[in-house]
Amino acid sequence: MELYDIETASEVYMKGIYTAEETIAHNSRQMIHDVRTKVDHFLGDRKFTVLLGGEHMVSLGSIEAHAGHFSDMSILHLDAHSDMRDSYEGDKFSHACIMARAKETTAHIVSVGIRSSDASELGNMDKGSVFYASANNKSKDWIRKAAAKLSRNVYISIDLDVFDPAIMPSTGTPEPGGLGWYEVIDLMEYVATRKNIVGFDVVELCPSKYNMAPDFLAAKLIYKLLSLKFT
């Protein structure tokens with residue numbers, strides 16, 4: 001992957017990017033605790049922190065740590081699934097419950113790209129803050145409206161299945177009708193120029209040895225977000 005970003009005319013890696021050791025845990029609760037502890041340490045050291053996963057519940061530890069450092073924090077949630085089940089298969093810490101658990105930290109969640117939900121989730125969702133992929137396809141103004149719902153400090157959580165599986169098939173639960181690359185980048189650019197992005201995560205990559213393009217998409221997405229943040 002080239003380290004020069006064309007749109008921002010920058011080389012963000014020159015500001016310094018540190019890759020921490022992988023966090024390994026035997027269950028979701030331990031992972032959440034360990035991630036929260038590590039992210040809290042980095043934030044206390046005034047570092048901008050990016051989390052890479054892995055199953056989406058890994059994001060909860062990072063969200064909780066950021067909320068402890070930034071007041072009035074909202075979450076911009078990009079995903080194919082609403083992830084608002086209170087529990088899934090008896091587990092409150094399943095990937096299908098990540099935004100339900102995040103809502104216990106901050107109720108200010110804006111979800112974009114959603115195109116799969118269970119009926120049990122509907123009562124837990126703020127319909128005015130959900131931007132369904134099908135509606136976005138018909139609107140020219142959805143990016144502005146979504147950004148207007150966010151507070152000043154924004155944490156971004158990106159499940160890679162928000163992208164259309166034509167360009168991102170390497171996820172555990174792909175859904176048809178997802179967003180394109182430039183739709184997501186346009187949203188990120190709009191938010192980056194109007195809000196304070198305090199941190200982000202990119203999760204749910206399921207690499208395939210037969211198609212490496214999705215791996216490069218994930219890597220470039222991370223680098224692009226860093227470029228937008230620090231330009």
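For the stretch 154-182, give me the residue count where each residue is touching a helix residue (DSSP H, G or I) at 6+ places or on another chain (Cβ under 9 Å), of a type outside the set (Val, Ile, Thr) and surrounded by fewer than 20 Cβ atoms within 10 Å (Cβ to Cβ).
Looking only at that region, the number is 6.
Can you name the residue in the stretch 189-226 that is of a type in the set (Asp, Glu) and in a helix (DSSP H, G or I) and is also nearest to residue 72 (Cα to Cα) among such residues?
189
It is to be established whether one or more residues within the stretch 122-140 are in a loop (DSSP other than H, G, I, E, B) and buried (at least 17 other Cβ atoms within 10 Å of the Cβ).
Among the residues of the stretch 122-140, at least one is in a loop (DSSP other than H, G, I, E, B) and buried (at least 17 other Cβ atoms within 10 Å of the Cβ), which makes the answer yes.
Do you know which residues across the stretch 132-179 are in contact with a Phe, Trp or Tyr (Cβ under 8 Å, 6 or more places away or on another chain) and of a type outside the set (A, V, I, L, M)?
136, 142, 144, 145, 153, 155, 157, 163, 178
Take residue 54 and decide whether it is at positive phi and either of a type in the set (Gly, Ala, Ser) or over 16 Å from the mean Cα position of the chain (by Cα) (or both).
yes
Got a number for residues in the stretch 81-93 being closer than 20 Å to residue 171 by Cβ, in contact with a helix residue (DSSP H, G or I) (Cβ under 6 Å, 6 or more places away or on another chain) and part of a loop (DSSP other than H, G, I, E, B)?
Total meeting the criteria: 5.
Just one of 65, 25, 96 is at pLDDT below 95 and assigned to a helix (DSSP H, G or I); which is it?
96
Between residues in the stretch 32-48 that are closer than 11 Å to residue 59 by Cα and modelled with pLDDT of 95 or more and residues that are among the β-branched types (Val, Ile, Thr) and in a loop (DSSP other than H, G, I, E, B), which pairs lie under 9 Å by C-beta distance while being six or more apart or on different chains?
Short answer, once both residue conditions are applied: 35/23.
The values are calculated or read from the model by the stated rules, or taken from the named source; none is laboratory data. Values in this document were obtained by computation on a predicted structure and should not be read as measured data. So basically every Cβ, Gly included, is an ideal-geometry build from the backbone, and we count neighbours across all protein chains shown.
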